[in-house]
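Here the structure comes first, spelled out in structure tokens, and everything after it is commentary.
The values are calculated or read from the model by the stated rules, or taken from the named source; none is laboratory data. No experiment lies behind these values; they were computed from the predicted model shown. Cβ: placed from backbone, ideal geometry, glycine included. Neighbour counts: every protein chain shown.
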Amino acid sequence: MTESTTRHGAGPDRGTGAVVVVAAALLDRGRLLAARRSAPAELAGRWELPGGKVEPGERPEDALVRELREELGVEAETAERIPGEWPLKPGYVLRVWTARLLSGEPRPLEDHDELRWLARDELDTVDWLDQDRPAVAEAARRLPGV
Ligand code: 523
């Protein structure tokens, strides 16, 4: 463990040293928000749950609220952690929360070039990043049924 993780306790996860990437299953009016990445080249065009890296000293839930504000221009609140943790590139792990919109309509301000609100029976109409699929499946269970 580095000195900085000892002092701040966030950024790299205390237990594993991995950088935590947080993402939101943003649920509104019975639909889930999907965001199409515009970068980097190897991920561009694939769809994800919006989010980003937790900064040193930041609570994961606060990081997620910040990322949704920066990337989508909305105010949101986290609701429930979706159980589990999914490996990304080496040294990075993904954790996901459901979230609710408090104000604003999401716009692709940063990192995305398209957004779509998907109902439960539309979730497989976009090409999700592989690592996001388990959390998307879990979030689907919170949407009105088919
Ligand atoms: N993922 C990922 N799924 C997912 C997110 C939000 C991120 O697989 N739902 C991956 C993509 C990147 C890494 O996590 O490899 C970091 O995500 P990124 O680039 O969205 O994080 P930022 O916005 O914090 O990154 P910077 O633009 O570099 O600050």
Return a yes/no flag: does the range 109-120 have any residue that is more than 16 Å from the ligand (Cβ to nearest atom) and aliphatic (A, V, I, L, M).
-> yes
Checking Leu68 against (1) loosely packed, with under 15 Cβ neighbours inside 10 Å; (2) more than 9 Å from the ligand (Cβ to nearest atom); (3) part of a helix (DSSP H, G or I), which single condition isn't satisfied?
-> (1)
Taking the range 105-128 and keeping residues among the β-branched types (Val, Ile, Thr) and in a helix (DSSP H, G or I) leaves Thr125
Return yes or no: is Ala24 more than 15 Å from the chain's Cα centre (by Cα), among the hydrophobic types (A, V, I, L, M, F, W, C) and closer than 18 Å to Asp132 by Cβ?
-> no
For the range 96-115, state whether one or more residues are of a type in the set (Val, Ile, Thr), at pLDDT 95 or above and within 23 Å of Val19 (Cβ to Cβ).
-> yes
Among the residues of the range 76-95, which ones are within 10 Å of the ligand (Cβ to nearest atom) and free of Cβ contacts under 8 Å to residues at least 40 places away in the same chain?
-> Lys89
Can you confirm whether the range 51-58 contains a residue that is within 12 Å of the chain's Cα centre (by Cα), surrounded by 15 or more Cβ atoms within 10 Å (Cβ to Cβ) and of a type in the set (Asp, Glu)?
-> no
Within the range 61-76, can one find any residue that is farther than 23 Å from Ala39 by Cβ and either aromatic (Phe, Trp, Tyr) or in contact with a Leu (Cβ under 9 Å, 6 or more places away or on another chain) (or both)?
-> yes
Hey, does the range 129-143 have a residue that's part of a strand (DSSP E or B) and basic (Lys, Arg)?
-> no
When (1) out of contact with any strand residue (DSSP E or B) (no Cβ under 7 Å at 6 or more places or on another chain); (2) modelled with pLDDT of 95 or more; (3) farther than 15 Å from Leu115 by Cα are applied to Glu70, the one that fails is (3)
Among the residues of the range 48-65, which ones are assigned to a loop (DSSP other than H, G, I, E, B) and away from the ligand (no atom under 12 Å from the Cβ)?
-> Pro56, Gly57, Arg59
Checklist (1) out of contact with any Asp or Glu (no Cβ under 9 Å at 6 or more places or on another chain); (2) modelled with pLDDT of 95 or more applied to Lys89, failing item = (2)
Residue pairs within 7 Å by beta carbon, gap of at least six or interchain, first lying in the range 17-34 and over 19 Å from Arg66 (Cα atoms), second of a type in the set (Ser, Thr, Tyr), listed first then second, are Ala18/Tyr92
